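Comments concern the structure below.
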Amino acid sequence: MSTVAVFGAGDVGAACAQALASRERARRIVLIDSAASAAIGKALDIQQAGAITGADATLEATADETRAIGSAVMVIADRFGAGSSEWQGEEGLGLVRRVAAMCEVPMVFAGAAQADLMRAASRELRVAARRMIGSASEAFSSAVCAIVAMEARCSPAEVCVAVLGTPPAFVI
């Protein structure tokens, strides 16, 4: 994968950028946040940590959303700031509208509370479901797997479960 754009340099966005860099999943990572100086600081911290972790991804930071053009994946995370929040509601929908218009690449919704934003993007903006990936569902599935393993007194690696639906209406 060549370039990943992360919208938001809050805790979730920075963690995503760190994970991508340390696992060498992208050659270039662009942190995009209106608080550009904070995003630049986080990008610099992650890049300098590469000397210890062995990662060599290039990190950039900007407030310019158009720098995401040409990315292989766009991550919708959270904004930087005190009590930073995940992209949600009308503000989040506005961001998704702008991002979806830039190019036809997958969008990963990294926030735990972004299911409503994904539904609104599908219904109101007509963003194809095949372009949207939610990380909260994977985290939920992993939690169910861990609980089943704990109850079965085995390793989560020995458990395979499928979770269908969304809380509170779901089937394991």
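Values in this text are rule-based calculations from the coordinates and carry no lab data. Since the model is a prediction, treat every value here as computed from it, not as a measurement. Please note: Cβ atoms are built from the backbone with ideal geometry, for glycine as well, and neighbour counts cover all protein chains shown.
Worth a mention:
- Sparse-neighbourhood loop sites, GluC sites (Glu not before Pro) in the stretch 90-122 - DSSP loop, at most 15 other Cβ within 10 angstrom: GLU104
- Max mean-square fluctuation residue, GNM over the chain, Cα-Cα springs under 10 Å, options ALA63, ALA112, ALA162: ALA162
- Computed over the chain with a Gaussian network model linking Cα atoms closer than 10 Å, the most mobile of GLY94, GLY13, GLY54 is GLY54.
- Here the stretch 83-143 yields Rg over Rh of 0.96, to two decimals, using C-alpha coordinates and the Kirkwood radius.
- Rounded tilt (10° steps) of 115-124 against the dominant C-alpha axis of the chain: 70 degrees
- Per residue, the convex hull volume that the Cα atoms of the chain enclose (Å³): 138 Å³
- Using a Förster distance of 22 Å, the FRET efficiency for ALA63-ARG27 (Cβ separation, nearest 0.05): 0.50
- Helix 135-152 axis versus longest C-alpha principal axis of the chain: approximately 30°, rounded to the nearest ten.
- DSSP bridge pairs, the chain: antiparallel proportion in percent, nearest 5: 15 percent
- Only Cα sites of the stretch 1-63 enter the Debye sum here, all with the same form factor; the resulting log10 I(q)/I(0) across q = 0.28 1/Å is -1.18, listed in q order.
- Computing Rg and the Kirkwood Rh from the Cα coordinates of the stretch 31-83 gives a ratio, Rg/Rh, of 0.99.
- Take the Cα of SER34, go 7 Å toward its beta carbon, and the backbone nitrogen atoms of the stretch 81-123 under 15 Å from that spot belong to 81-96, 98.
- Cα-based helix-to-principal-axis angle, 11-22 vs the chain, degrees rounded to 10: 90 degrees
- Modelled spin labels at GLU151 and GLU104, positioned 7 Å past Cα toward Cβ, are 4.4 nm from each other.
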